[in-house]
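Derivation of every value follows stated rules applied to the coordinates shown; laboratory data play no part. Note that the structure is a prediction, hence the values are computed from the model and not measured.
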Amino acid sequence: MEDSHAASCFAALAHPARLRVFRALVVAGADGLTPGVLAQSLALPAATLSFHLKELMHTGLVCAQRSGRHIHYRAELERMNALLSYLSENCCQGQGCLAPSNLLCTLPEPQHD
């Protein structure tokens, strides 16, 4: 990951509401959440939530998928893991102090209606 892309991801997550949205989507896993559920659970107005989702999607940290009449938003765990790897790539001066990469966060493919 390039420095400029990492910086834009961190900038998106630096807003408390966007961080809460992203964390809720990580918890939701592969099924994701609809905007209505997100807005209600985070007590955010729909217009505000829409703005924050757009910002997170712009960085690639969140994706959206239409399922019938609903849109499900999901955290992009590959992008999240890339961001975490970016932070830790020179950890301990390259001496391998991190957990094995197979412990990175992964999810099964979402089920489609």
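Just a few scattered comments:
- Residues whose placed amide H lies under 5 Å from that of V62, excluding near-sequence neighbours: M57, E76
- Shape class for segment 3-86: prolate, because the ratio a/c of the largest to smallest gyration tensor axis (alpha-carbon atoms, square roots of eigenvalues) is 1.5 or more and a/b beats b/c.
- Residue by residue, segment 66-74 carries 3J(HN,Hα) couplings of 7, 9, x, 8, 10, 10, 10, 9, 9 Hz when phi is fed to the Karplus relation 6.51 cos²θ - 1.76 cosθ + 1.60 (θ = phi - 60°); x denotes Gly or Pro.
- Applying 0.36 nm per residue to the separation of C63 and A46 and subtracting their alpha-carbon distance, the gain on full extension is 4.4 nm.
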